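Inspection log for the structure reproduced underneath, given as structure tokens.
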Amino acid sequence: MNRLQRLHVERSGLGAIAAKVLAGERLDREDGLLLYRHPDLLAVGALANHVRETLHGDLAYYIVNQHINHTNVCVAGCKFCAFYRTAKQPDAYVLSPRDVERRMLEQIHEPIREIHMVGGVNPDLPFDYYLEVIRTMKRVRPEVHVKAFTMVEIAAMAENFGMSVEEVLRGLKEAGLGSIPGGGAEILTDHAHQVLFKGKIDHRAWMEIAKTAHRLGLKSNATMMYGHVETLEERVEHMLLLREAQDETQGFMAFIPLAFHPENTRLSHLPKPSAADELRNLAVGRLMLDNFPHVKAYWIMMTPRVAQAGLHFGADDLDGTVVTEEIYHRAGSTSPQRISRRQLVVLIEEAGRVPVERDTLYNPVGPQPDRAAPERPAQSTRPIPGASGPEAGMGISP
Ligand code: SF4
């Protein structure tokens, strides 16, 4: 942060938080609420940008990946979801392993490094189905990283197949699962759970599954879906719970705030997310989650333009090329369903950042930019564990 920016932040009334950030001190609940309520978004953004640049310099990450949503059949019935169908609805679907193979072969000319797969809680699918889908992916592209299944889907597998969560994860890992996307967290409070998604696991179970995965060597991301019934206090609580778990396992790679898209849901009366709110959530996330290596501006949700701006509000990652995203488009997302590697690079460069193609675990791949990330100064944020772990996924459950 240069002198002028620091002056701006201090004059805005955020001097006490700025002092903590510059000293590498951890922010508390009250700080989080003040950052959410403070009228000067640019001052909040400048603080987050300071942390982001301390950790990553000008570097901004992206990945060449493919999304596959294997089924939209779901029994959880979350009020915010525009994606799910009951098994009897005419547009319900399940992709067979052969269908998955076909989708991958359609993109075989692309240098895809990651398959991101999530779907509904479909009780009609046997455990072998999941194993076979993963094995198929690894057969079609042995080098690809499979990042699949929300904590919600994993919980349902354990329940439906009479297995422990650990047995489920071990089985999936043996078949080739590389990491877990991090969706299904929504807002980690009892209030949001009761009002919006009581048909699926609560935050305690979500966190236990995440921690179990981390202990087994499966990294994950963590999403936060906001902009529905939750309060600002609940958003901060969500971040504090993630931070506490990360202190324990160091298994989360990226925090991914996802604005709720109300179209075609039972909450369609709610307003659409604003760019200002999206940028603020990136910034507050970057500032509160001092032990998360990465914050992702997920372009498919926030549009490429807002995600691009997010690279100056705490985000260091834009996610990937995607290909055929279905979940958010059913809820009215106006982003395209795919973006080329070239477009991602241009978005990053136009923002004044240096693009770095990564794999799921944030290892740089391909030719490297001249400018490297800075040495992390002692006064920066707290130590960032797992700076090369696995990557993220989709916000809401699927
Ligand atoms: S968000 Fe996920 S778990 Fe909830 S209804 Fe939609 S597909 Fe099912």
Looking at Val64, Val73, Val51, Val9, which is the one that is over 23 Å from the mean Cα position of the chain (by Cα) and among the aliphatic types (A, V, I, L, M)? Val9
Could you tell me which of the residues Glu167, Glu143, Glu153 is surrounded by fewer than 24 Cβ atoms within 10 Å (Cβ to Cβ), assigned by TED's automatic domain parsing to the domain that holds Ala254 and either without any contact (Cβ under 8 Å) to a residue 12 or more places away in the chain or within 15 Å of the ligand (Cβ to nearest atom) (or both)? Glu167
Can you pull out every residue in segment 183-222 that is more than 14 Å from the ligand (Cβ to nearest atom), of a type outside the set (A, V, I, L, M, F, W, C) and part of a loop (DSSP other than H, G, I, E, B)? Thr189, Gly217
Scan segment 76-89 and give yes if some residue there is over 30 Å from Val229 (Cβ atoms) and free of Cβ contacts under 8 Å to residues at least 40 places away in the same chain, otherwise no. no
Being in contact (Cβ under 8 Å) with a residue 40 or more places away in the chain, more than 16 Å from the ligand (Cβ to nearest atom) and of a type outside the set (Phe, Trp, Tyr) is the filter here, so list the residues in segment 105-129 that pass it. Gln107, Glu110, Pro111, Ile112, Arg113, Glu114, Ile115
Total residues in segment 223-254, condition in contact (Cβ under 8 Å) with a residue 60 or more places away in the chain, over 11 Å from Gly285 (Cα atoms) and not in a helix (DSSP H, G or I): 6
Please determine whether any residue of segment 78-88 is among the small types (Gly, Ala, Ser) and buried (at least 20 other Cβ atoms within 10 Å of the Cβ). yes
Residue check for Pro367: in contact with a Pro (Cβ under 9 Å, 6 or more places away or on another chain) and modelled with pLDDT under 95: no
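The values are calculated or read from the model by the stated rules, or taken from the named source; none is laboratory data. Worth saying up front: this structure is predicted, and the values here are computed from it rather than measured. Using ideal geometry, Cβ is built from the backbone for each residue, glycine included, and neighbour counts are taken over all protein chains shown.
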